[in-house]
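The next block holds one structure in the form of structure tokens; read it before the comments.
The values are calculated or read from the model by the stated rules, or taken from the named source; none is laboratory data. What you see is a predicted model, and the numbers here were worked out from it, not measured in a lab. When we count neighbours, we look across all protein chains shown, and the Cβ atoms used for this are built from the backbone with ideal geometry, even at glycine. Areas reflect the complete protein model, heavy atoms only, side chains present, ligands, DNA and RNA absent. Shrake-Rupley method; radii C 1.70, N 1.55, O 1.52, S 1.80 Å.
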Amino acid sequence: MTCCNTPAWACQFDRKLAVRDLRDYRKGSLAATTRALIDAVVRAGVERSTLLDIGGGVGAIQFELLKAGAREATSVDASAPYLDAAREEATRQGLTTRITFQLGDFVDLAPRIPVADIVTLDRVVCCYAQMEPLVRLSAERCRRLYGLVYPRDRWLARAVVRIQNVFRALWRNPFRSFVHSVDAMDALIHSLGFTLRHKVRTFAWEVVVISEGDVGQAAAGGVSIPAPFTPT
């Protein structure tokens, strides 16, 4: 797979970044927003649940939820180096029989991906130009809890992303980041029958856990977690 025949984000998240992120995970270093998402899902209950982790990276969410009691996980990622890193760590932790790895664009793979109790997208929406099919197809595969981390829809976030994308263009990097309308995402998710259960806001990011149907009621707690703005 090369940058000529794969999505731009598959080229952005290369072996060098995968090795770095795997090393950080093994040292116990997780982004504050990733930890907040994991903690919120665990508090909602993961025992014997199935997980679909989209854009799962080196597998941090998968490993932590499996250790917290989830039964099995499916990891979908467009980056072969990240999927290789996740497989390596799964082997190290003895979890290979409980994780199914799928390489490719989730929107393309969605018809073949089974429904799961829990679906997570940690900093994935901001890597995808077309928010609607990604969110709709992933939410449709969720039975109970739907967790997302995405940039807050603020002028500063949009300005930072524009600057990042300008520099990528100058360096001939095809990857782009996006700040999608939170109102549009909320309306789409609500139309699919989900209810907000938990929200955490940092200066730059939102972490939300949403329940299918009437499992949970809105709990709009805003908690400040210092975290730098790094959309990628």
Query raised in the report: Using a cut-off of 22 Å between alpha-carbon atoms, which lysines can reach LYS27, once sequence neighbours fewer than 8 places away in the same chain are excluded?
Result: LYS16, LYS67
Report summary line: Counting only DSSP loop positions in the range 87-184, the trypsin sites (Lys or Arg not before Pro) whose Cβ has at most 11 other Cβ atoms within 10 Å are ARG172
**Report entry** Computed helical MRE - 222 nm, the chain, DSSP H runs ≥ 4 contributing -39500 (n - 2.57), nearest 500
**Finding:** -11500 deg cm²/dmol
Query raised in the report: With all pairs of different alpha carbon atoms counted, what Kirkwood hydrodynamic radius in Å does the range 65-224 show?
Result: 17.1
Report summary line: From highest to lowest solvent-accessible area (probe 1.4 Å; ligands, DNA and RNA excluded), THR50, THR195 read THR195, THR50
